[in-house]
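Asks: Once you've had a glance at the structure underneath, I'll fire off some questions.
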Amino acid sequence: MAPARIAAFAPPLALMGVIYFLSAQPDLNSGLGLVDEIGRKLVHMAEYGLLWWLWCRALGFRRPILAAVITLAYAATDEFHQTFVHGRVGSPVDWAIDGAGVAVAWALTAMWARSRQSSDVSRQL
């Protein structure tokens with residue numbers, strides 16, 4: 001494998017490391033109540049949507065399902081990891097929120113790709 005292809009795997013692996021580090025923190029609660037809860041869920045969606053996109057990019061955008069499997073498997077291990085961290089709880093609901101982030105990122109990527117294809121066709125006419 002070419003060095004550039006190997007380097008493509010660095011961003012998703014680095015993000016996985018950041019996620020692991022943050023999951024090992026005993027408490028990320030800011031004390032803002034519902035605002036904090038909703039904000040953390042949105043951040044979860046965004047980070048796992050980004051992780052899916054980075055895996056898609058590393059895989060050349062040819063294997064979005066494989067990228068989703070890798071991302072969701074990692075999300076499951078992240079939730080399991082949190083069960084061992086004081087003050088944290090692993091939750092199937094949080095895993096589903098991570099999956100929703102993947103779904104949103106996939107939908108946005110598909111819409112962007114379709115809009116590019118239609119603009120390319122317009123230019124050819």
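The values are calculated or read from the model by the stated rules, or taken from the named source; none is laboratory data. All of these numbers come straight from a predicted model, not from anything done at the bench. Please note: Cβ atoms are built from the backbone with ideal geometry, for glycine as well, and neighbour counts cover all protein chains shown. Quick note on the areas: whole protein, heavy atoms, side chains included, nothing else; ligands and nucleic acids left out. Shrake-Rupley method; radii C 1.70, N 1.55, O 1.52, S 1.80 Å.
Asks: Please report the carbon-and-sulfur percent of the accessible area for the chain; probe 1.4 Å, protein heavy atoms only, DNA, RNA and ligands left out.
Replies: In the chain, the share of accessible area belonging to carbon and sulfur is 72 percent.
Asks: In addition: Which of the trypsin sites (Lys or Arg not before Pro) found in region 1-85 are in a DSSP loop and have at most 14 neighbouring Cβ atoms, other than their own, within 10 Å?
Replies: Of the trypsin sites (Lys or Arg not before Pro), the ones in loops of region 1-85 whose Cβ has at most 14 other Cβ atoms within 10 Å are Arg62.
Asks: Can you send over the solvent-accessible area of Ile70, 1.4 Å probe, protein chains only, in Å² to the nearest 10?
Replies: Probe radius 1.4 Å; accessible area of Ile70 about 50 Å².
Asks: At 1.4 Å probe size, with no ligands or nucleic acids counted, give the accessible surface of Ser115 in Å², nearest ten.
Replies: About 60 Å², ignoring ligands and nucleic acids.
Asks: Would you mind getting the accessible area per residue of the chain, heavy atoms of the protein chains only, 1.4 Å probe, in Å²?
Replies: Heavy-atom accessible area per residue stands at 63 Å².
Asks: Here is a further query. Quick check: residue separation of Val18 and Ile65 times 0.36 nm, minus the Cα distance between them. What number comes out in nm?
Replies: Residue separation times 0.36 nm, minus the Cα-Cα distance, leaves 14.6 nm.
Asks: I'd like the FRET efficiency for Val35 and Val104, computed as 1/(1 + (r/R0)^6) with the beta carbon distance as r and R0 of 25 Å, rounded to 0.05.
Replies: 0.75
Asks: Related question: Before anything else, pin down the relative contact order of the chain: Cα pairs under 8 Å, at least 6 apart, normalised by residue count, whole percent.
Replies: So the answer I get is 30 percent.
Asks: Can you tally the net charge around Gly33? Count Lys and Arg as +1, Asp and Glu as -1, for every other residue whose Cβ sits under 15 Å from the Cβ of Gly33.
Replies: My count for the surroundings of Gly33 gives -1.
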